[in-house]
Amino acid sequence: MATLIIASISDRSGKTAIAAALASKLSSDDSPVAVGKALGNSPSDDNDAAVFASLLPENPAVSVAAADIASAITANAGSSKIAIVEGSANAQSNVDMANSTDGLVLLIARFGEDVAGAAQTYGSRLAGVIINGVPKFRAGEVSGALASEMEADGIKFLGAIPDDRRMLAPTLGQVAEFLGGQFLSGEDESQRLLDNFLIGGLVLDWGPFYFSSRTNTGVIVRGDRPDVQLAAIQTDTTKALILTKGVRPVEYVMYEAAQRGIPLLVVPGNTHDVAEQIEGLQPKVEFDHTSKLERMIDLTSDNVDVSVLEDQLAQPATR
């Protein structure tokens, strides 16, 4: 049994998302990858374990306390040839798990973090490094100079995953709960993800061109502005209207929104305050949606050399 520990330098670096994507990519019909979270004292650990169970129900679960990971893999992995365990930002804990399972460590780093220093901690257990959440304007620097520096230091650079709005997207239901909103229509679409938000009526050109400037958008607009609401509804990119000041729209807007399948959510507060409130929702958003898994699988396929990991996992484990 080959074991891969997913480690990071800091919290919220994308370990759960990358672990789930790799587990999906490396699984086969007759040998699904066992996957789990090394549980500690944080409530978020239980959440991560639940995410694996929800998004990867066919994969054997190995979410137990870090000290029991090795025995859990032996007991629960079944026909699996690979186990992927999400570790933490605690390097010593990750090293201990790698030693107890005779496994490898995949280090997930954010742009700007001290990769070389962290890599030294893992020594020969380190399978490689993925830089996650890379800003678009720094992609060339990461794949060029930074990758060369790592390779010169003997660190395998496996790829850089770009920053992606889908990973930060809340569901419409989460927005409604966070803002204390009420659905006028479309509550059955509460699991719809909103990748972007636009404010209607605060710019000179608030027509369809403006509302088409972002994809998969929730439009925040005063409930008493049918002109702006109708302009937003006319674009294919608008996926919900968030109507402020607690005001219901006119019947014609409700009809047009229903025809186009656009949910209507009425929330208290003015438009500016609601937009600021939504910014506070972002830190609470988790990797917990099938569409996010699908996107991370695509991002991993396009940007990470998974074959290098496969080759290392296929080698004799003892190091």
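The values are calculated or read from the model by the stated rules, or taken from the named source; none is laboratory data. Predicted model only: the values in this text are computed from it and were never measured. Glycine gets a Cβ as well: all are built from the backbone with ideal geometry, and neighbour counts include every protein chain shown.
Within the set of pairs 6 or more residues apart or between chains, which connect a residue that is over 19 Å from I6 (Cα atoms) inside region 132-159 to a residue that is among the aromatic types (F, W, Y) and in a loop (DSSP other than H, G, I, E, B) with Cβ atoms less than 6 Å apart? If the second residue must be among the aromatic types (F, W, Y) and in a loop (DSSP other than H, G, I, E, B), the pairs left are R138/F111. Among the residues of region 234-252, the one identified as surrounded by fewer than 20 Cβ atoms within 10 Å (Cβ to Cβ), touching a residue at least 24 places away in the same chain (Cβ under 8 Å) and not in a loop (DSSP other than H, G, I, E, B) is Y252. Take region 1-23 and flag every residue that is more than 10 Å from the chain's Cα centre (by Cα) and surrounded by fewer than 24 Cβ atoms within 10 Å (Cβ to Cβ). Residues satisfying the conditions are M1, A2, I9, S10, D11.
Apart from one condition, Q174 fits all of (1) assigned to a loop (DSSP other than H, G, I, E, B); (2) touching a residue at least 24 places away in the same chain (Cβ under 8 Å); the exception is (1).
Taken together, the residues in region 210-232 that are out of contact with any Ser or Thr (no Cβ under 8 Å at 6 or more places or on another chain), crowded, with 21+ Cβ neighbours inside 10 Å and assigned to a helix (DSSP H, G or I) amount to 3. Is region 35-47 home to any residue that is touching a Pro at 6+ places or on another chain (Cβ under 8 Å), hydrophobic (A, V, I, L, M, F, W, C), closer than 23 Å to D311 by Cβ and surrounded by 21 or more Cβ atoms within 10 Å (Cβ to Cβ)? Checked region 35-47: at least one residue is touching a Pro at 6+ places or on another chain (Cβ under 8 Å), hydrophobic (A, V, I, L, M, F, W, C), closer than 23 Å to D311 by Cβ and surrounded by 21 or more Cβ atoms within 10 Å (Cβ to Cβ). The listed residues are K245, K284, and the only one of them that is modelled with pLDDT under 95 and touching a helix residue (DSSP H, G or I) at 6+ places or on another chain (Cβ under 8 Å) turns out to be K284. Can you tell me which residue is farthest from S190 (Cα to Cα) among those in region 201-216 that are among the hydrophobic types (A, V, I, L, M, F, W, C) and modelled with pLDDT of 75 or more? Only one residue fits best here, namely F209. Among the residues of region 199-209, at least one is assigned to a helix (DSSP H, G or I), without any contact (Cβ under 8 Å) to a residue 60 or more places away in the chain, over 26 Å from D163 (Cα atoms) and not acidic (D, E).
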